[in-house]
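A short reminder: the numbers here are calculations on the coordinates, not readings from a lab. Bear in mind that the values here come from a model prediction, so they are computed numbers and not experimental data. Note that we place each Cβ from the backbone using ideal geometry, even for glycine, and neighbour counts take in every protein chain shown.
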Amino acid sequence: MADLEVFGTHLKTCYCGGRLAAAHTVEAVAYTLQGVQKVQVQTMRCTSYACRKSFGPNFVWEDSAKYNTVNSDTMGRILFINNKCGFATDYLHYHSLLEFRAFVATRAVKDVYQEVFGLSHSDKSSQFRVNHATGVMYWIAVHELEALGKGKERDIIIGNEISEATLRAYEHHLQRTCFLHPRPSTVHEIVADGHAKVHVKCDNVLRHSGKPKADKRIKPYGHGWFMLVHPKNLRILWARAMEAPEGNDILETALRETLPKYPKADGVVVDRACSFLPCACRIKAFNQVKYWSVDLFHAHGYPISPRI
């Protein structure tokens with residue numbers, strides 16, 4: 001039998017400065033676009049008696065949790081979620097696009113993978129769907145969070161990749177860098193609207209009307225996204241998931257965070273301009289807005305305030 005490919009950590013020393021020594025060799029499986037590959041994982045252990053941390057190929061055990069140790073540059077061909085199961089990085093990249101752009105379910109991935117390669121996943125892993133979802137989210141977290149700098153990718157816990165603090169820091173990064181228009185002085189109008197059809201399911205969903213589940217758990221539910229857009233080139237200037245139905249609160253928050261970045265923006269187009277105008281007139285931060293407009297679709301057939 002041919003020698004199996006061996007995967008181990010890229011680190012030469014422990015974070016404490018201690019030397020790493022070989023600990024155990026574990027047989028593992030790696031899911032790739034060419035099928036399931038049998039591999040071996042070489043675990044390492046810190047030789048310092050005050051530390052004794054155990055290292056997998058791309059993680060370290062700390063406080064009973066697996067913390068990430070790689071970034072996009074040091075990541076190997078296979079990204080492991082534990083010492084016995086890993087996924088090829090091209091596999092994870094491909095399926096991350098399918099999941100977040102084509103909304104392909106993990107059940108469909110499992111069925112197609114089994115049909116194409118003639119494999120019974122019960123023989124390989126009884127938790128393929130869970131492992132697949134963990135691998136995809138892990139891969140995305142490593143590539144997205146390293147943009148925050150300061151070693152943020154080392155805070156990733158496999159299986160619990162996104163913490164509240166990390167999510168807030170990432171959102172701040174998006175608003176400050178990714179959504180910011182490259183030429184703020186050219187933005188004179190802003191269009192605001194909620195996009196409920198871009199449906200998201202959040203685990204921190206608030207209670208809403210409807211029949212509860214038999215086990216009393218709150219079903220994950222969302223109300224889409226609220227966005228501010230530059231009408232000339234349709235560039236998104238601000239976006240946030242809505243935990244409640246669209247209302248004045250999220251519109252006020254969006255404008256408060258966005259208008260200071262665009263001092264020449266004096267026009268806002270929003271479908272709820274009539275109901276929001278009394279609130280806007282009392283907010284000093286909105287004094288730069290001279291025109292509150294309603295789009296033609298929503299303006300048709302109902303009276304308009306003289307201020308609009």
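General observations
- Cβ-derived FRET efficiency at R0 45 Å, LYS261 paired with LYS84, nearest 0.05: 0.40
- Per-residue [θ]222 nm for the chain (sum of -39500 (n - 2.57) over DSSP H runs n ≥ 4, rounded to 500): -8000 deg cm²/dmol
- Remark on the stretch 1-66: hydrodynamic radius 12.9 angstrom, per the Kirkwood mean of 1/r across alpha carbon pairs.
- Where the Cα pairs of the chain fall when distances are cut into 20 Å bins, in %: 26, 45, 25, 4, 0
- Electrostatic dipole magnitude of the stretch 28-173 [Cβ: Lys, Arg +1; Asp, Glu -1; Cα centre; debye, to 20]: 440
- The Cα trace of the stretch 84-124 gives Rg and Dmax of 11.0, 31 Å, the first to one decimal, the second as a whole number.
- If R0 equals 35 Å, the separation of the Cβ atoms of ASP215 and ASP3 corresponds to a calculated FRET efficiency of about 0.10.
- Overall, the chain carries a charge dipole of about 560 debye about its Cα centre when +1 sits on the Cβ of Lys and Arg and -1 on the Cβ of Asp and Glu, all other atoms neutral.
- Site pair HIS24 and HIS188 shows an inter-label distance of 6.8 nm when each label is modelled 7 Å from Cα along Cα→Cβ.
- Simple label model, 7 Å out from Cα along Cβ direction - ALA285 to ASN248, nm: 1.6
- On a per residue basis, the convex hull of the C-alpha atoms belonging to the stretch 5-167 measures out at 122 Å³.
- Count of Lys pairs (Cα-Cα under 16 Å; at least 8 positions apart or interchain) in the stretch 36-186: 7
- The angle between the Cα long axis of helix 106-117 and the longest principal axis of the Cα atoms of the chain comes to about 40 degrees, rounded to the nearest 10.
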